[in-house]
Amino acid sequence: MFGSKEKSRRKLAKQVRDAIGAPDWLESVDVDDTGRVILVLLADPADTAGAEARRIEAEGRAELVAGVHAVTSILTAQKALPTVKLEPAPRRVTKGARLSDEAMQQGAPSQASGIPPIPGIARILVVASAKGGVGKSTIAVNLAAAMAKAGMKVGLLDADVYGPSIPTMLGMQDAQPGTAESKKLVPVIAHGMKTLSIGYLSDPDAPMIWRGPIVMSAITQMLNDAEWGELDVLVIDTPPGTGDAQLAIAQRVPVTAAIIVTTPQEVALADVRRGAAMFTKTAVPVLGIVETMSWFEDPAGNRHYLMGEGGGAATAQSLGLPLLGQIPMLQAIREGGDAGQPAALADGETARIFHDLARTVAIGLDTLESKPAPEIVFED
């Protein structure tokens, strides 16, 4: 059963939808507790004038509904951002090939050099997995939290629009971004981080039936139409796989580097090789591989390798990439995610694991910098 506030929000959302007329270009309507309405509108990139006219019409109709105090619109398509023209690779990536020459050499230019930077954001780190269910979002949240705990200015963008789990893992399921005077979104502050997720803007029970171009447009808008301010690093939790969304992020977002998350089992490692090859072909430096669910330790101190042993290390070595860290199966990690309190923010051994990972990643990012960057110090 829904509470009275939830019923009121749903009722007002329906009234707004009815007032607009529920056209096929109205993707969704959401209402927060203050009466602010968020409209997600489908737009044709080739018809910007028509899209703007529909936006003005929709906002005007919504503002006339009793109980509506403010209206924010999000267009799921926009003018194409400049893409990078990539020269053909000197050789194909073959089975078992090492990627160090393409992805890991110091000072190698990344694709970001051809894409305009986002003002205020010093670095953008993509957390990726070519396969779902390997703990990618857990790594993204705890890595960002560990960096924030160390004193860095951190942003966290949940780009996994089909399964936006970050609001839950941060304990911010009911939060919604504000709107600045510039009409841009104001990220939600969670545990010292600036965060945005499509989960803040949509009904949690509504399926996201979006095609690739619409997904990328929504991600791009959250990146460029938000007041991120000054950030040392923006961590992006990407959708799993190597499809249109991942490729578009690699080609259109000024990514500094990527890390790839996997479990030790072979079915996941096979996809890691594909993911690493995708980043290599799009000239995105890969810092290395993070292995999750590496082992389970019983009360007697014995390690049990339930998902296989050594797979992450062996794959990293075959690809010429560092193994950045191994994350064991720990109850505290799962409990922290469910409770909205990332384990990296606690004290003890579990937090130290993510602290060490954050330090390793920060050093890797500094190594890739082509210009002096603020010194990042992690204290033990």
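The values are calculated or read from the model by the stated rules, or taken from the named source; none is laboratory data. Just so it is clear, the structure is predicted and the values come from calculations on it, not from any experiment. As a convention, Cβ positions derive from the backbone with ideal geometry for all residues, glycine included, and neighbour counts pool all protein chains shown. Side chains are part of the model used for accessible areas, which takes the heavy atoms of the whole protein and leaves out ligands, DNA and RNA. Shrake-Rupley method; radii C 1.70, N 1.55, O 1.52, S 1.80 Å.
Out of all the residues in region 102-134, which are under 13 Å from Phe279 (Cα atoms) and either modelled with pLDDT of 50 or more or outside any loop (DSSP other than H, G, I, E, B) (or both)? Matches in region 102-134: Glu102, Ala103, Met104, Gln111, Ala112, Leu125, Val126, Val127, Ala128, Ser129, Ala130. Of the residues making up region 289-312, one or more are part of a helix (DSSP H, G or I) and either more than 25 Å from the chain's Cα centre (by Cα) or closer than 16 Å to Ala128 by Cα (or both).
Residue-by-condition table, conditions (1) at pLDDT 85 or above; (2) surrounded by 18 or more Cβ atoms within 10 Å (Cβ to Cβ); (3) of a type in the set (A, V, I, L, M); (4) at negative phi:
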site: Val215; (1), (2), (3), (4): no, yes, yes, yes
site: Met222; (1), (2), (3), (4): no, yes, yes, yes
site: Leu234; (1), (2), (3), (4): yes, yes, yes, yes
site: Pro240; (1), (2), (3), (4): no, yes, no, yes
site: Gln251; (1), (2), (3), (4): no, yes, no, yes
site: Ile259; (1), (2), (3), (4): yes, yes, yes, yes
site: Thr263; (1), (2), (3), (4): yes, yes, no, yes
site: Val267; (1), (2), (3), (4): no, no, yes, yes
site: Asp271; (1), (2), (3), (4): no, yes, no, yes
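Rundown of residues vs (1) surrounded by 14 or more Cβ atoms within 10 Å (Cβ to Cβ); (2) without any contact (Cβ under 8 Å) to a residue 40 or more places away in the chain, yes/no style:
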position	(1), (2)
Trp295	yes, yes
Ala300	no, yes
Arg303	no, yes
Gly312	yes, no
Gln326	yes, yes
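Residues that are of a type outside the set (A, V, I, L, M, F, W, C) and touching a helix residue (DSSP H, G or I) at 6+ places or on another chain (Cβ under 7 Å) were ranked within region 314-324; the one that is most open to solvent (accessible area, probe 1.4 Å) is Pro322.
Screening region 333-355 for residues that are in a helix (DSSP H, G or I) and farther than 20 Å from Ser137 by Cβ and picking the one that is modelled with the highest pLDDT gives Arg352.
Every residue, every condition in (1) modelled with pLDDT under 85; (2) surrounded by 15 or more Cβ atoms within 10 Å (Cβ to Cβ); (3) farther than 25 Å from Ala180 by Cβ, yes or no:
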residue	(1), (2), (3)
Asp18	no, no, yes
Val29	no, yes, no
Asp47	yes, no, yes
Ala51	yes, yes, no
Ile56	yes, no, no
Val65	no, yes, no
Thr76	yes, yes, no
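Annotation: of all residues in region 334-354 being among the aliphatic types (A, V, I, L, M) and crowded, with 22+ Cβ neighbours inside 10 Å, the one that is farthest from Val284 (Cα to Cα) is Ala343.
Listed conditions (1) in contact with a Gly (Cβ under 7 Å, 6 or more places away or on another chain); (2) modelled with pLDDT under 90 are all met by Trp295, apart from (1). The conditions of being open to solvent by 20 Å² or more (accessible area, probe 1.4 Å) and at pLDDT 85 or above are met by Glu230. Do you know which residues across region 35-47 are over 27 Å from the mean Cα position of the chain (by Cα) and on the phi < 0 side of the Ramachandran plot? Listed by number, the residues that qualify are Ala46, Asp47. Among residues of region 155-176 being modelled with pLDDT under 90 and over 24 Å from Ala128 (Cβ atoms), the one that is surrounded by the most Cβ atoms within 10 Å (Cβ to Cβ) is Gln176.
Please go through region 272-293 and give me each residue that is touching a strand residue (DSSP E or B) at 6+ places or on another chain (Cβ under 9 Å) and among the charged types (D, E, K, R), ordered by number. Steps first, answer last, please.
Step one: filter region 272-293 for residues touching a strand residue (DSSP E or B) at 6+ places or on another chain (Cβ under 9 Å), giving 272, 275-276, 278-280, 284-293.
Matches in region 272-293: Glu291 only.
For Ile189, the conditions (1) surrounded by fewer than 24 Cβ atoms within 10 Å (Cβ to Cβ); (2) at pLDDT 85 or above; (3) not in a strand (DSSP E or B); (4) not acidic (Asp, Glu) all hold with the exception of (3).
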